[in-house]
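*Asks:* One structure is given below, represented as structure tokens, and several questions about it will come after.
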Amino acid sequence: MRTLCLRAAASVRQIPRRPCWRLAAPAAASRLPAYRAFHATRDDEGLETSSASKATRTLPIEPLDTFPRRHIGPKASSVEQMLQTLDPPAKSLDDFVKQVIPSDVLSSRNLQISSTSGSSRHLDRGLTESELLQEMERIMSQNKPGLSFIGQGYADTKVPEVIKRNVFENPAWYTSYTPYQPEISQGRLESLLNFQTMVTDLTGLAIANASVLDEPTAAAEAMTLSLGALPMSRQKRPNKAFLVSNTCHPQTIAVLESRAQGFGIKIVVADVLADNCEAVEDLGSDLVGVLVQYPDTHGGVADYKSLAEKVHKSGSLLSVATDLLALTTLTPPGEFGADIALGNAQRFGVPLGYGGPHAAFFATSEKYKRKIPGRLIGMSKDRLGNPAARLALQTREQHIRREKATSNICTAQALLANMSAFYAVYHGPKGLTEIAKNVTAMTRYIQQRLVQAGFQTGNGPAMDNKPAPFDTFIVATGEKTGAIFEKLESESIHVRKLDDSRISISVDETTDMAKAHKLLAAMDVSVDSSNPAEIDVSVPEQFKRTTPFLTHPVFNSYHSETELLRYIYHLQSKDLSLVHSMIPLGSCTMKLNATAEMAPVTWPTVSSLHPFVPLESAKGYKVMTEQLESDLASITGFHSVSLQPNSGAQGEFAGLRVIREYLKHKNAEDGKKRDVCLIPVSAHGTNPASAAMCGMRVVPVKCENSTGNLDMADLKAKCEKHSDEIGAIMITYPSTFGVFEPNIKAVCDMIHEHGGQVYMDGANMNAQIGLCSPGEIGADVCHLNLHKTFCIPHGGGGPGVGPIGVKEHLAPFLPGHLRGETGGEHAIAPVSGAPWGSASILPISYAYIKMMGPVGLTQATKITLLNANYILARLKPHYNILYTNAEGRCAHEFILDVRPLKETAGVEAIDIAKRLQDYGFHAPTMSWPVANTLMIEPTESESKEELDRFCDALISIRKEIAAVENGKVPKEGNVLKMAPHTQQDLLRSEWDRPYSREEAAYPLPYLRERKFWPAVARLDDAYGDTNLFCTCAPVEDSEDITGAAAPTPT
């Protein structure tokens, strides 16, 4: 049955179907009618039915592998039961939706999913799983990876099959969440600790984080850390500048430009070593810091010791962008004076993926451990005294500092960092060194043959034919450059064209003799098919590495596939993920990551493209990204979409940068600065952090204590006070309190009346799709979290994708890139290293949208609302619910208020969170957005049976709390305070607790069959922070530790 679209006579005009990705702007929110019809569907639309059809005749062409019924958890019969369980009950799913979403917000617009090569029925019902995979194969087969010798920070790699199959393609690894609950996250925490150890060993610096987004944004983080390390007087200097070597990768310089503007930093690109480092002295006290590349973008290495001395003498920091594989043979940056080392770990076993996702690394000296961006894994001990890993110094995480932050990082690239760590574990120090030497040998072999053929080669201005230090060299091609380049491209051989007279060639682990000979032959160089003579791979003495690395046993024990496989699964067994149970994290949307969506990611036509291959070689990506942009624009009600931001926080930054650039052009006429950003006090910390990074002044807006809604009187007062200065407001819809605010359109109208723009945080978009949209509500910009709403998995803390949608007036300002392949007429500088950010995981969201279709997407939204309200109804007799709307309904999530239990039983949110682990569940979001509460979001993918299991667990826990309240068990040492319970804990010979072992381990019957055991008992957070171990070696004690078990609540 097709969806019935009931339209009121005066409803908003439909957004027309588009041939590509342009979309007509929706009607202004202020002109929309007060009451609107919306998509009405049968309650069982797209759901699994309870019994097989009794029909004796059927059409043989009806597909049976439809996707919505596999993605949406509850069956049709379950929906009926759940609607009756609500308090009060609802007659139908559509009647229920009207009780959740304000009537003037509900949309009557058809979702339009761009057509594929299939039949027209797919536009409503979506592609089946088999049809989707056939369509994806057809599209992505248009990509032609060819042979890449481009380099420029990206190198192909041989991904060990044991890692690809058992980590990259393993849902036990890619469906886990950020390890904020360490007792059920020890596996990936240990692997990330391996990653940090790998980075610190190779860079020669004391401390490294657990990955950042990509190399250019890591360089931007180095710049802002350098700024924050200066005295305040120097931070405020109007002419402060960050000095960047002209041999850094061009995409890094471009991203630095984008990030520097908000901090008032000028990027100075120069030959930093020229005239005895004169540029450093010229900048004097204006110098923020210096960035160099080692080896540089042309393959050269230089002695930076004297530069480091001059930079330090000026009171600034030296940052070095580097290559981990090169550091197996070259002197590590920490040994020649670098304060920060950063780069891309991609060539350690992570596919090129047309630019991402990859795990960037960031290491620094211990002096700056409190300023290091992103997440940091450290060692602590559990209640039984066992060593255990955890997220260390969480109060140091920059986004928690809100507008005082210098970074907005809220996610990382955990899955890819784990792959790189396993790659290092598998090969060990000897294996990595051999790979590096092979790369150098092949590089020098190709270079020698070119020199013998009469070409001049080198690594910089001096084309002296000296052997390349590592993997890259320049070839002087003179007037023949165009012809050579054209011939190479005609044979799908990709090199980097530096200018009209030079190309550069980079070699990687996958370059064998056949590929080398093909390259040489295309350049008219004769080759000898016989085995070549041995190549000298020695490093000049002044750059030769002498210190050992990766000496820890973990890097020297698992070099057979059998041993590595067992190690991978040993770590995996310690982690709870979606393969075990629902993960009910509020604001995190841990929904199904379907196998059919994930399958194309590792196809060679998806994973093997260099991000800077000619666009003609990436036609499949062009088709896919344009369709995805079109579909996201239709879903959000916007005109245009950029897929470049590679995390939600990057989407925030990009969206605000677009707004600022638009206002800069617009207000050039009236001279108004418009740098105030209004942000509700309930907002996630990344919102004010992103605004501050864009150079905006954050003005907080109050929320009503009784409803959680924006305080309209306070908003009006702030608007009037800052009328000529308002640049934007950042709002989340539904709100961070889990309610569709009734005044949202009035908020948008008020901001627009005062000349500002409306930025909508798309973290809660899962509650909007098909029922309302940011564009129709009145937002000008919205970022989406494809790793939440559109099924890209969380990966244990990354990757993520944060595209932004914008109204038509902002489209010309979307982020551009080096070749002009993205962005509009007035494009802002890039926010990511690759044009389409984490391009290789975009097919996941593409597949989800195409298989769900408009009907499935809309039905999924209704079910996610129903699932949340069903849990609310079941728990309401046992716990306080903090916020609901006037109908007693929540949106897709709600807050369980456990604050009174501290007074009555001495029980806090953390105790309930840890006890839930004994029941086999990950805790809900803890202490955010309200301290000592739990925020629950079930998503549409969970069945009624799983929801009931979760509710039964929380109800059982409430009974355990009641026993404390009634004085039956003491406030200390009870089953909640001692949770979680490990097998080791329960096997203790002595047992003197006020509860039995059975009550600890099997409080409900289902646990006897399905029991997930925490690997360690409750961790001692304060001990972990005051005894900071972030690698295999200890570092000094730290100070000012709060011992908080979760990020500071906002």
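*Asks:* Give the range 359-392 a look and list any residue that's open to solvent by less than 10 Å² (accessible area, probe 1.4 Å) and either under 30 Å from Tyr154 (Cβ atoms) or in the same structural domain as Ala834 (by the TED database) (or both), or say none.
*Replies:* Residues satisfying the conditions are Ala359, Ala360, Phe361, Phe362, Ala363, Thr364, Ile372, Pro373, Gly374, Leu376, Ile377, Leu391.
*Asks:* Still on this model: Looking at Gly775, Gly800, Gly805, which is the one that is part of a loop (DSSP other than H, G, I, E, B) and either modelled with pLDDT under 95 or of a type outside the set (Ser, Thr, Tyr) (or both)?
*Replies:* One residue alone meets the criteria, Gly800.
*Asks:* Can we say Val930 is modelled with pLDDT under 95 and open to solvent by less than 30 Å² (accessible area, probe 1.4 Å)?
*Replies:* yes
*Asks:* Restricting to the range 736-760, and then to whatever is of a type in the set (Gly, Ala, Ser) and crowded, with 24+ Cβ neighbours inside 10 Å, can you tell me which residue is farthest from Gly888 (Cα to Cα)?
*Replies:* Gly756
*Asks:* Which of (1) open to solvent by 40 Å² or more (accessible area, probe 1.4 Å); (2) closer than 21 Å to Ala326 by Cβ is the odd one out, the single condition Ser506 does not satisfy?
*Replies:* The single condition Ser506 does not satisfy is (1).
*Asks:* Also: With (1) open to solvent by less than 20 Å² (accessible area, probe 1.4 Å); (2) assigned to a helix (DSSP H, G or I); (3) touching a Pro at 6+ places or on another chain (Cβ under 8 Å) as the list, and Glu960 as the residue in question, which single condition is left unmet?
*Replies:* (1)
*Asks:* Is one or more of the residues making up the range 654-672 in contact with a Gly (Cβ under 8 Å, 6 or more places away or on another chain), within 18 Å of Arg259 (Cα to Cα) and not in a helix (DSSP H, G or I)?
*Replies:* Within the range 654-672, none of the residues are in contact with a Gly (Cβ under 8 Å, 6 or more places away or on another chain), within 18 Å of Arg259 (Cα to Cα) and not in a helix (DSSP H, G or I).
*Asks:* Is it true that some residue in the range 372-394 is at positive phi, within 19 Å of the chain's Cα centre (by Cα) and outside any loop (DSSP other than H, G, I, E, B)?
*Replies:* No: zero hits.
*Asks:* Among the helices (runs of 4 or more DSSP H) contained in the range 526-621, which hold 3 or more residues that are of a type outside the set (Lys, Arg) and touching a Phe, Trp or Tyr at 6+ places or on another chain (Cβ under 7 Å)?
*Replies:* Hits in the range 526-621: 561-572.
*Asks:* Could I ask something else about it? If you check Ala767, Ala746, which single one turns out to be within 24 Å of Gln650 (Cα to Cα), in contact with a helix residue (DSSP H, G or I) (Cβ under 9 Å, 6 or more places away or on another chain) and either outside the structural domain of Pro938 (by the TED database) or among the charged types (D, E, K, R) (or both)?
*Replies:* The conditions single out Ala767.
*Asks:* Could you list all residues from the range 689-717 that are assigned to a loop (DSSP other than H, G, I, E, B) and crowded, with 19+ Cβ neighbours inside 10 Å?
*Replies:* Across the range 689-717, the qualifying residues are Cys694, Met696, Gly708, Asn709.
*Asks:* So which of Pro680, Pro600, Pro584 ends up being free of Cβ contacts under 8 Å to residues at least 60 places away in the same chain and either of a type in the set (Ser, Thr, Tyr) or over 22 Å from His817 (Cα atoms) (or both)?
*Replies:* Pro680
*Asks:* Going through the range 810-847 one residue at a time, which ones are in a helix (DSSP H, G or I), within 18 Å of the chain's Cα centre (by Cα) and either closer than 30 Å to Phe96 by Cβ or not small (Gly, Ala, Ser) (or both)?
*Replies:* Within the range 810-847, Ile841, Leu842, Pro843, Ile844, Ser845, Tyr846 qualify.
Okay, residues lined up against (1) crowded, with 16+ Cβ neighbours inside 10 Å; (2) at pLDDT 95 or above; (3) within 30 Å of Arg697 (Cβ to Cβ):
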{"site": "Lys404", "(1), (2), (3)": "no, no, yes"}
{"site": "Ala414", "(1), (2), (3)": "yes, yes, no"}
{"site": "Tyr423", "(1), (2), (3)": "yes, yes, no"}
{"site": "Ala436", "(1), (2), (3)": "yes, yes, no"}
{"site": "Met442", "(1), (2), (3)": "yes, yes, no"}
{"site": "Ile446", "(1), (2), (3)": "yes, yes, no"}
{"site": "Leu450", "(1), (2), (3)": "yes, yes, no"}
{"site": "Pro461", "(1), (2), (3)": "no, no, no"}
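*Asks:* Still on this structure, please answer the following. Assess whether Pro332 counts as being open to solvent by 10 Å² or more (accessible area, probe 1.4 Å), on the phi < 0 side of the Ramachandran plot and in contact (Cβ under 8 Å) with a residue 60 or more places away in the chain.
*Replies:* No, not satisfied.
*Asks:* Looking only at the range 989-1038, how many residues end up being among the aliphatic types (A, V, I, L, M), modelled with pLDDT under 95 and part of a loop (DSSP other than H, G, I, E, B)?
*Replies:* Selection size over the range 989-1038: 3.
*Asks:* Does the range 703-729 hold any residues that are out of contact with any strand residue (DSSP E or B) (no Cβ under 8 Å at 6 or more places or on another chain) and either closer than 10 Å to His754 by Cα or modelled with pLDDT of 95 or more (or both), and which are they?
*Replies:* Met712, Ala713, Lys716, Ala717, Glu720, Lys721, Ser723, Asp724
*Asks:* With respect to His358, determine if the residue is of a type outside the set (Asp, Glu), farther than 25 Å from Leu643 by Cβ and out of contact with any Gly (no Cβ under 6 Å at 6 or more places or on another chain).
*Replies:* Answer is no for this residue.
The values are calculated or read from the model by the stated rules, or taken from the named source; none is laboratory data. On a predicted model such as this, the values are computed, not experimentally measured, just so you know. All Cβ positions, glycine included, derive from the backbone under ideal geometry; neighbour counts span all protein chains shown. Keep in mind that these areas ignore ligands, DNA and RNA; they rest on the heavy atoms of the full protein, side chains included. Shrake-Rupley method; radii C 1.70, N 1.55, O 1.52, S 1.80 Å.
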